[in-house]
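The values are calculated or read from the model by the stated rules, or taken from the named source; none is laboratory data. Predicted, not measured: the structure shown is a model, and the values here were computed from it. Here the Cβ is made from the backbone with ideal geometry for all residues, glycine too, and neighbour counts use every protein chain on show.
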Amino acid sequence: MLVYTLRRLLQVLIVMFLVSLLVFTMIRMAPGSPARLMLSEYATEEDILAMEERMGLNKPIYEQFWKFLVDLFHGDMGESVVYHQPVLRIIGQRLPNTGILATGTVLLAILLALPLGIFAGANRGKVAELVCMVFALVGQSMASMWLGVLLIYIFSVKLGWLPALGTGGIEYLILPVITMGYPMSAGLTRVARSGMVDTLSEDYITATYAKGIGKFEVYTKYALRNALIPVVTMLGLTLGINLGGAVVVENIFSWTGIGQLMNQSVAQRDYAMVQATLLITSFLFSGINFLVDVINSFINPRLTLN
């Protein structure tokens with residue numbers, strides 16, 4: 001178990017290094033000088049050269065990358081030209097809001113997907129399975145942008161039950177969580193149902209029934225454990241993807257998280273902020289997948305042999 005965890009941790013560190021290289025390269029491959037993009041169209045050549053010197057863009061590319069890695073290791077991702085503060089300070093103020101949104105989304109997805117997926121898998125070929133799969137199909141067919149606008153129209157504009165925009169208490173969280181959580185739960189429902197069907201067809205389940213053990217115990221004690229492995233894997237992947245999808249949802253609902261910050265930084269040409277938000281989002285995605293692998297290894301220790 002320890003060897004497996006260390007091996008996966010090493011892989012995550014390699015991925016983080018490659019992501020850092022990719023982000024560094026992509027930012028500098030963008031058309032035009034980053035210094036020119038950050039300044040107004042009325043900036044003089046002297047202003048642009050001064051900004052390039054301030055940002056170290058006049059140095060060889062390998063020196064720029066080395067300085068970038070050293071600063072990153074020391075927790076320095078630069079200073080925002082819009083906020084005139086270290087970008088990590090601004091991100092640190094926004095990241096908890098994205099964390100709250102992501103936590104609510106995961107809780108909603110799990111509370112919907114696990115019971116529905118297990119119920120559908122245990123009732124294969126029956127009306128109950130059809131109802132659960134229709135729920136999943138509708139959820140997977142909806143784009144987050146369209147669903148968010150629809151929820152605002154129904155519950156904010158027409159009914160006036162919930163606020164449409166802003167960041168605040170739980171009433172502000174409900175619509176964004178549903179917008180992100182319903183499509184996520186739809187995919188998890190299908191995975192949970194498939195995992196349950198595959199597990200229930202295994203020989204050891206048949207042998208368990210032959211011992212006279214009841215269905216409820218078979219489902220909860222024997223089948224559920226193996227059926228959870230693809231669900232946990234899918235949960236980690238979709239959570240990572242939703243960190244990117246939060247850009248859309250946070251802007252629709254004016255939720256002041258890292259997704260909205262990323263979108264604003266691109267529009268404001270805040271070079272350092274764009275670079276930092278991309279890196280942090282990528283690092284979070286890598287970290288989530290590492291945790292998923294560790295959790296799966298506890299659910300099924302045989303995975304550590306691979």
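Brief remarks follow.
- Matching residues, the range 246-262, being under 13 Å from Ile100 (Cα atoms), β-branched (Val, Ile, Thr) and either over 14 Å from the mean Cα position of the chain (by Cα) or in a loop (DSSP other than H, G, I, E, B) (or both): Thr256
- Extreme residue, modelled with the highest pLDDT, among residues of the range 127-173 that are in a loop (DSSP other than H, G, I, E, B) and over 20 Å from Leu108 (Cα atoms): Leu159
- Condition broken by Val81, with the remaining ones in (1) surrounded by 11 or more Cβ atoms within 10 Å (Cβ to Cβ); (2) outside any helix (DSSP H, G or I); (3) at pLDDT 75 or above satisfied: (3)
- Leu95 meets the conditions (1) outside any helix (DSSP H, G or I); (2) closer than 19 Å to Gln260 by Cβ in every case but one. The failed one is (1).
- Per the conditions (1) surrounded by 18 or more Cβ atoms within 10 Å (Cβ to Cβ); (2) at pLDDT 85 or above; (3) farther than 21 Å from Ser20 by Cα, the sole criterion not satisfied by Leu107 is (1).
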